[in-house]
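Got a structure here, written out as structure tokens. Questions coming.
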Amino acid sequence: MAHGHDVINMMAGKAYASKQALVDDIIKHFGSAERFQTCSAEGMTAAELVDFLAERGKFMPAEGGAFTADPSKRCNHEG
């Protein structure tokens, strides 16, 4: 099970036009069968993880209406 930190690291230097674009990139990178965990949840699909991270303010606006990971919102430990 991959950790949310892995997804935030994957997002470094990239911007996404939509949540679906991020979900698609996660699936491409980790595979469609991968499930994700965070500090407080586990067993999430890519789409569930994106919603989870968005609800917790882990993204920040990027140019042109896109968004990216907010590195200042990352937990201070490794998962």
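Would you kindly identify the helices (runs of 4 or more DSSP H) lying entirely within the chain that contain at least 2 residues that are of a type in the set (V, I, T)?
Passing ranges, in order: 4-10, 19-30.
Please state which one of E42, E34 is surrounded by 14 or more Cβ atoms within 10 Å (Cβ to Cβ), over 14 Å from D70 (Cβ atoms) and more than 11 Å from the chain's Cα centre (by Cα).
Just one listed residue meets the conditions, E34.
Okay, moving on. Among the residues that make up the range 47-54, is at least one of them in contact (Cβ under 8 Å) with a residue 60 or more places away in the chain and open to solvent by 40 Å² or more (accessible area, probe 1.4 Å)?
no
Failed condition for D24, given (1) open to solvent by 90 Å² or more (accessible area, probe 1.4 Å); (2) free of Cβ contacts under 8 Å to residues at least 12 places away in the same chain; (3) not β-branched (V, I, T), with all others met?
(1)
The values are calculated or read from the model by the stated rules, or taken from the named source; none is laboratory data. Everything quoted here is computed from the prediction, not taken from an experiment. Here Cβ is always computed from backbone atoms with ideal geometry, including for glycine, and neighbour counts include all displayed protein chains. When the accessible area is computed, the model is the full protein with side chains, heavy atoms only, and any ligands, DNA or RNA have been set aside. Shrake-Rupley method; radii C 1.70, N 1.55, O 1.52, S 1.80 Å.
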